[in-house]
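Report on the following structure.
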Amino acid sequence: MTSLSTDPGPPPSMVERMTLILDAFACRSTRLTLEDVARRTRLPRSTAHRILDQLVRLDWLDHTSSGYGLGRRALGLGGGGGGHGEIREAAAPLLHELQLNTGLVAHLAVLDGADVHYLDKAGGRSARSVPTRVGGRSPAHATALGRAILAWLAPERVHALVGHRGSLHQELHRIRQRRGLAFERGDCFPGVTSVAAAIRGPRGPLAAISLAGDSRAPLERVAPLVGDAARQAARALAPAPEVPHQGRAPELRLLTSGRARAQ
C-alpha cells in the first residue's frame, strides 16, 4: 500500500543532515542538548548523536557539560569576524551570565567604519524582542554600543568615521564622565532601550557589551553589571606579562612589583 504521508522524512545526504544540525544553533552563544538537536532537526536521536560526534571531532561544534555549541571552525566562518574570535570567546560567558541575571538581551559588537557589527547575541526567550542579529549592523552614532566605543576615540577620528553630528560629542563627553556607560532610548530601534560599555585595551576600545530591552528595562539598575562585564572581558584579553627564565630571582621581583602596584 502506498503511503499518503507528506512528511519527506530526514534529508537523504550527510551534508544536508549536517547543515540541518548546524542551522539549529541560532547564534554563537546557543547551547543545545542532544534532545534539543533531535527535536529541532527532526532527525532520529541516534542519527543526531552520531553526526554531533563527528562535528565535535572536526571542530565544527564543541561539547561541554552545558551542551553543544558552535566550535572553532563554525565561529571562524560566521559574521565576517576575522580576528574577533578571541573577543567572542572572552565575552561569550559574560553575555550568557548577563542575560540569565537580568532577562534582557545581551550583545557584543565591534566598530566597523561608521557602523557597529554584532558579533554575538544572547537573548533567550527575549531575543526576538530586539531586532538585531549576529553579523548585522547598526549606525554607531545611534546605538549605545557604538557610542560606548566612540567615546574613547580621538574627536578627529570620530568626525572622520561618522561626520559632524551636533550633539554627539557632548554625549560622548557625558559617557566618559559616567565611567564609560552609554545609554540609548529608542534612537536606533523604536521602543528598544539599551546600556553599553566598551571593552578597552591598551591601545583603545576593542568592542562593546550591552544589555537591551523594551522601554520598561531598568537600565540604571543593570548598568553596573554591564560595566563590570566589559572590565572582566578586558582583563581576560589583556596580554600576559612576559616572565624571564632566570631562576627564582625574577619571580621574586615580579611579586614585589605586584605588591607595589597594589599599593
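General remarks:
- Those residues of the range 74-94 which are modelled with pLDDT of 85 or more, buried (at least 20 other Cβ atoms within 10 Å of the Cβ) and of a type outside the set (A, V, I, L, M, F, W, C), in sequence order: Arg88
- Taking the range 183-222 as the range and being under 17 Å from the mean Cα position of the chain (by Cα) and of a type in the set (A, V, I, L, M) as the test, the residues that pass are Val195, Ala196, Ala197, Ala198, Ile199, Leu206, Ala207, Ala208, Ile209, Leu211, Ala212.
- Among the residues of the range 180-237, those that are surrounded by fewer than 19 Cβ atoms within 10 Å (Cβ to Cβ), in a helix (DSSP H, G or I) and without any contact (Cβ under 8 Å) to a residue 60 or more places away in the chain comprise Glu220, Arg221, Pro224, Asp228, Arg231, Arg235.
- Considering the conditions (1) open to solvent by 80 Å² or more (accessible area, probe 1.4 Å); (2) modelled with pLDDT under 90; (3) assigned to a helix (DSSP H, G or I); (4) not acidic (Asp, Glu), Ala127 is excluded by exactly one of them, (1).
- Only one of the listed residues (His117, His164, His159) is in a loop (DSSP other than H, G, I, E, B) and modelled with pLDDT under 95. That residue is His164.
- Selection of the range 82-98 for residues being part of a helix (DSSP H, G or I) and touching a residue at least 40 places away in the same chain (Cβ under 8 Å) yields Glu86, Ile87, Arg88, Ala90, Ala91, Ala92, Leu94, Leu95, His96, Glu97, Leu98.
- Search result, residues across the range 20-62 that are surrounded by 14 or more Cβ atoms within 10 Å (Cβ to Cβ), among the hydrophobic types (A, V, I, L, M, F, W, C), within 24 Å of the chain's Cα centre (by Cα) and not in a helix (DSSP H, G or I): Ala24, Phe25, Ala26, Cys27, Leu32, Trp60, Leu61
- Subset of the range 132-147 (residues that are over 16 Å from the mean Cα position of the chain (by Cα), of a type in the set (A, V, I, L, M, F, W, C) and surrounded by fewer than 24 Cβ atoms within 10 Å (Cβ to Cβ)): Ala142
- Residues that are open to solvent by 30 Å² or more (accessible area, probe 1.4 Å) and in a loop (DSSP other than H, G, I, E, B), drawn from the range 63-73: Ser65, Ser66
Condition check ((1) among the hydroxyl-bearing types (Ser, Thr, Tyr); (2) in contact with a helix residue (DSSP H, G or I) (Cβ under 6 Å, 6 or more places away or on another chain); (3) within 25 Å of Pro224 (Cα to Cα)) across all residues:
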{"position": "Ala142", "(1), (2), (3)": "no, no, yes"}
{"position": "Ala148", "(1), (2), (3)": "no, no, yes"}
{"position": "Ala151", "(1), (2), (3)": "no, yes, yes"}
{"position": "Arg157", "(1), (2), (3)": "no, no, no"}
{"position": "Gln170", "(1), (2), (3)": "no, no, yes"}
{"position": "Arg185", "(1), (2), (3)": "no, no, yes"}
{"position": "Cys188", "(1), (2), (3)": "no, yes, yes"}
{"position": "Val192", "(1), (2), (3)": "no, no, yes"}
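- The range 130-147 residues that are closer than 13 Å to Arg165 by Cα, paired with ones that are of a type in the set (Asp, Glu) (beta carbon under 8 Å, 6 or more apart): Pro139/Asp115; Ala140/Asp115; Ala142/Glu184; Ala142/Asp187; Arg147/Glu171; Arg147/Glu184
- Across the range 108-132, the number of residues qualifying as closer than 17 Å to Gly191 by Cα and not hydroxyl-bearing (Ser, Thr, Tyr) comes to 5.
The values are calculated or read from the model by the stated rules, or taken from the named source; none is laboratory data. Here the structure is a predicted model, which is why all the values come from computation and not from measurement. Don't worry about glycine lacking a Cβ; one is built from the backbone with ideal geometry, like all the others, and counts go over all protein chains shown. Just the protein is used for accessible areas: all its heavy atoms, side chains included, with ligands, DNA and RNA removed. Shrake-Rupley method; radii C 1.70, N 1.55, O 1.52, S 1.80 Å.
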